[in-house]
1. Quick one: among Asp166, Asp247, Asp370, which has the greatest mean-square fluctuation in a GNM of the chain with alpha-carbon springs under 10 angstrom?
2. Expressed as a rounded percentage, what relative contact order does the stretch 347-428 have, with Cα pairs under 8 Å and six or more residues apart?
3. Residues with amide H under 5 Å of Gln54's amide H, sequence separation 5 or more or different chain, H placed in the peptide plane at 1.01 Å from N; which?
4. With a 10 Å cut-off between alpha carbons and a GNM built on the chain, which of Ala310, Ala302, Ala226 moves the most?
5. Could you rank the peptides 198-211, 85-98 by their average count of other C-beta atoms within 10 Å per residue, with the highest value first?
6. What angle, in degrees between 0 and 90 and rounded to the nearest 10, separates the Cα long axis of helix 3-20 from the longest principal axis of the Cα atoms of the chain?
7. Are there any chymotrypsin sites (Phe, Trp or Tyr not before Pro) in the stretch 354-446 that are in a DSSP loop and have at most 14 other Cβ atoms within 10 Å? List them by number.
8. Would you mind telling me which residue in Gly291, Gly107, Gly242 has the biggest mean-square fluctuation in a Gaussian network model of the chain, where springs connect alpha carbons within a distance under 10 angstrom?
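Every number in this text was worked out from the coordinates using simple rules, so none of it is lab data. Here the structure is a predicted model, which means the values were calculated and not measured. Here Cβ is always computed from backbone atoms with ideal geometry, including for glycine, and neighbour counts include all displayed protein chains.
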Amino acid sequence: MLESTEHALLRRIAREQATSRAPSLVAAVVRDGEIVWSGGRGRVGGEVPGTDTQYRLGSITKTLVATAVMRLRDEGLLDLNDPLERHVPGTPFGAATVAQLLSHTSGLTSESPGQWWERTPGADWDALAGSLADGATKHRPGAKFHYSNVGYGVLGELIARHRGKDWLSVLNEEILGPLGMTRTTPHPVGAHADGFAVHPFADVLLPEPSPDAGAMAPAGQLWSTATDLGRWTSFLGGHTGGVLSPDTLEQMRTMVTVDDTDVWTTGFGLGLMLVRYQGRRLAGHTGSMPGFLAASLVDPAAGTGALVLANSTSGVGITPLALDLITMTDELEPRLPAEWQPSTVDPALLALTGLWHWGPTPYHLRIQGDGLLLLAPAEGPGRGSRFRETDKDTYLGLDGYYSGETLEVGRDSDGVATHLDLATFVFTRTPYDPAAPVPGGVEGWR
């Protein structure tokens, strides 16, 4: 990157480390699947931390666990609407669905009963499940957003039962290994930062413990480096490396529930935190454990993301810092639009393009460069969606109002397209064309 850009980014993290009094901090920016800038401030073992220094990820661990669950779904081993009872029988909260556990709408208690789980050694699944026998469900499943660390302990057990091995082994084999994230581990290995709490009224530190969380570990156990987290941030931006299909990742990045009211700024999809900021829609997650804070956010549309790792229990504005790094990068070094190039189009498909009408309202049907169809109002806002061909003259809605709905092309005896049937709505070449099967009939204009 330009020297001036690198200096501006370094100054931003330097200001954060100084004003937040973080013992150390590492940050990086990714673009198009690669780290394009990184920087560190403070000291770890007397040295400035680098991209190979491990920090604890906290709840970013959940995004990897969610990915393993979605892989089970894609293999047909479960459905997101399945109740937990079908996969982990015998719990008093078995009515909650897999999707609700992923999106923090299961109603489960936020923390495991007993001692503060983040600072004490955890027990096994049987002990965790036993502790949840009474009062584990705080809200009706599906009623509202209620962040649940316990829900991800449950999902870790679900993964283990399907794969016949512990959740961490599954992550190593199916996700971390294929993506080359070799420095992401359950406990620190090699160069790593120790976790500290910073006294609120003095510049002194208190070492924080980092025990194994046992059955609660899927909620926040993992340690990682800026290099590995850069790969994961790129993954969430779309560079999935074959670990997950683009369609599944997009489903994970789709809003399920909001974390605030009115005009939402944060919410959750399936295992991913979603943030709306200055016209951007970002996906990722933040993390906190005693002694550590972390953030990983990416703007899939821009292809730019950022990550932050710090060894402080609180005080560091990790989310605003990550958002600033993304915004500054795109403002200081704006991307050039991709060059337009012509593409090959099936002549039969080309014949479908152009003007159609939903009743009296004009729509345009276009073929995008990626081969998808886009049906949208000719002007102004309205119901618009992209469509992918699933069979001859049959298309599936991918987003917008018609997501999941079927569009079928109607033809006359000569094979000429006369109308589009979209979830029973009939689109015609002219407004209410009497030659097309418009429900209710067409008496003619007067």
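1. Among Asp166, Asp247, Asp370, the largest GNM mean-square fluctuation belongs to Asp370.
2. Worked out over the stretch 347-428, it gives 19 percent.
3. Those qualifying (amide H under 5 Å, at least 5 residues apart or on another chain) are His192, Ala193.
4. Ala302
5. Working: 198-211: 12.2, 85-98: 16.9.
By packing density, highest mean first, the sequence is 85-98, 198-211.
6. Between the helix axis and the principal axis of the chain, the angle is about 50 degrees.
7. Working: sites: Trp356, Trp358, Tyr363, Phe387, Tyr395, Tyr401, Tyr402, Phe425, Phe427, Tyr432, Trp445; in loops: Tyr432, Trp445.
Passing both the DSSP loop test and the Cβ count: Trp445.
8. Per the Cα network of the chain with a 10 Å cutoff, Gly242 tops the list.
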